[in-house]
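Read the figures in this text as sums done on the coordinates, not as results from a lab. Every value quoted in this text rests on a predicted model; they were computed, and no experiment measured them. Positions of Cβ are backbone-derived with ideal geometry, glycine not excepted, and every protein chain shown enters the neighbour counts.
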Amino acid sequence: MSYAMRILDDSKKKNPNEPEFHQAMTEIIPSLTPFLDEHPKYEKAGILERMIEPERQVMFRVPWVDDSGKVRINRGYRVQFSSAIGPYKGGLRFHPSVNLSIIKFLAFEQIFKNSLTGLPIGGGKGGSDFDSKGKSDREVMAFCQSFIDELYRHIGADQDIPAGDIGVGGREVGFMYGQYKRLTGQYEGAFTGKSLTYGGSLVRTEATGYGLVYMMENMLAAKNTTFEDKTVVISGSGNVAIYAAEKAVKLGAKVVTMSDSNGYIYDGDGIDLDAVKQIKEVQRGRISEYLKVKKTAEYVENGLVWSVPCNIALPCATQNELLKNGAELLVKNGCMAVAEGSNMSTDLEATHYLQDNGVFFAPGKAANAGGVAVSALEMAQNSSRMSWAFEEVDCRLRSIMHDIYTECSMAAERYGMKGNLVAGANIAGFRKVAEAMLQQGVV
Ligand code: NDP
């Protein structure tokens, strides 16, 4: 058995009951085999077994009081996976499904993603099983403050810099940053995704969605085509989905679907994004409310968005949202390319099905890296007490996504897997972290 497969097997045994973490390791580790075989120095230094063990993980109680005076308890997490190339960096997810396995998978992926950006950021992730749906602003604030009452001692501008993810947007980051500042007395860039009024960066809100579309732009260019006149299917209707749709439309595409956890909308005229922003960003409502604005659109409850014919599919909701049945529908309807906006949108079976059927596929760790890349640019602006213009940040983002695409393509080709961006992203992301670890000794 190869070094990579042996370590994968051992880690699965050592971490039972963590299916999402197993899945993330299984998607990454085997594809490193040709690289590890070529460079035995990494096995000698135990790099892989060190890389799959988080440097630190904290779990904590988060008590808070709801509007009726009832005491509520949630569980908080922060997994600080790797600081080999920079301080821990990765978002916080607030969703009832959150558990240690999900946070570990996200933090593990984040190591590779952050490495691919070419910026000095390590990998981490955190969150809670808190559900903000239906909560008042005061309840969300009470939860966020209690969450930070514990987390503040583990984070800092040069230590660990959280940001948003599912269920964590500008409102939550604001409440958490306020409490962090109160407890530490430090006005520093300990969070990204901040509002522009207190140190946020232009383009951070748009970054993951725009970056995803820039990645796809590179993929389409490799196939001698563009977004012009393409039909795009998008899942989700949160931060990533909305700004992916916005940029795809700007580049000439028609986006015909968006969804939430209850169902999807189909608008053959092209989704009215202002209406979606109003429903999701302002009213915090359900995507079905789109029908009140656009009577000719359709709403399909619990439907599979991948059944809608398209040229390009961008999953932007959550992990394992595009499985083999969805992949089969996309192939049947002639979809040419898929890029993951959500982390681990597909499982391995679906990924292989898409690749085997000629669908050009980009994994989340490359395709959605634009968010964390602009977060790193926010950190740079905070350290220098400067703020850059929208065009400057957007231009850097576009160039970073181009570089990521190129690096993944070249790594895949170098190891005999031309066009396999999954293997390319894993090898390119691993290479830099492994080398940094080797040079820093056994720590
Ligand atoms: P948001 O909370 O803004 O939006 C999430 C969207 O996905 C909502 O429409 C939500 O619907 C839907 N969704 C969430 N969970 C489920 C589920 N279990 N089943 C079906 N639909 C679901 O999150 P983001 O847009 O920020 O994040 C989306 C994805 O992108 C995540 O995988 C995240 O890890 C990834 N990502 C985000 C980055 C960022 O900068 N925000 C950066 C890189 C990756 P509902 O409202 O019904 O829950």
Euclidean distance between Cα centres, the stretch 289-307 to the stretch 126-156, Å: 32 Å
Charge dipole (the chain, unit charges on Cβ, about Cα centre) - positive-most of 2, 166, 197: 197
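Send over the Kirkwood Rh of the stretch 385-434, from the inverse of the averaged 1/r over different Cα pairs, rounded to one decimal Å. Before the final figure, lay out each step's value.
Numbers: mean 1/r = 0.0832 Å⁻¹.
Result for the stretch 385-434 stands at 12.0 Å.
Provide the percentage of antiparallel DSSP beta bridges, counting only those with both residues in the stretch 64-211; round to the nearest 5. Can you show the working numbers first?
Details: 10 of 19 bridges.
Within the stretch 64-211, antiparallel bridges account for around 55 percent of the total.
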For the stretch 85-243, build the charge dipole from Cβ charges (+1 Lys, Arg; -1 Asp, Glu) around the Cα centre, then report which of 121, 146, 210 sits farthest towards its positive end. 146
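Got the relative contact order for the chain handy, in percent, Cα pairs under 8 Å and 6 or more residues apart? Could you put the intermediate results ahead of the total?
Numbers: 905 pairs, mean separation 67.5, N = 443.
Contact order relative to length: 15 percent.
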Taking every alpha carbon pair in the chain and sorting the distances into 20 angstrom bins from 0 up to the bin holding the longest one, the percent per bin comes out as 27, 60, 13, 0
The pairs in 133/365; 89/135; 13/181 lying past 32 Å Cα-Cα in this model are 13/181
Neighbouring Cβ atoms within 10 Å as the yardstick, rank 92, 196 fewest first. 196, 92
Out-of-range pairs (alpha-carbon distance over 32 Å; input 14/324; 12/418; 104/254): 104/254
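Between the DSSP loop rule and a limit of at most 16 other Cβ atoms within 10 Å, which chymotrypsin sites (Phe, Trp or Tyr not before Pro) in the stretch 150-227 are left? Spell out each step's value before the answer.
Values: sites: 152, 175, 177, 180, 187, 191, 198, 210, 214, 227; in loops: 187, 191, 227.
The qualifying sites are 187.
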One would report the antiparallel percent of DSSP beta bridges in the chain, rounded to the nearest 5, as 55 percent
At the level of C-alpha centres, the distance separating the stretch 87-120 and the stretch 213-275, in angstrom, is 25 Å
Take the alpha-carbon centre of the stretch 1-41, take the same for the stretch 320-392, and report the distance between them in whole Å. 22 Å
Peptides 277-285, 79-87 ordered by average Cβ neighbours within 10 Å, highest first: 79-87, 277-285
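Order by neighbour count: 138, 385, 6, 431, fewest other Cβ atoms within 10 Å first, most last. Mind dumping the intermediate values first?
Numbers: 138 11, 385 7, 6 14, 431 18.
Listing 138, 385, 6, 431 from fewest to most nearby Cβ atoms yields 385, 138, 6, 431.
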How many nm separate the modelled label positions at residue 136 and residue 14, each set 7 Å beyond the Cα in the direction of the Cβ? 4.8 nm
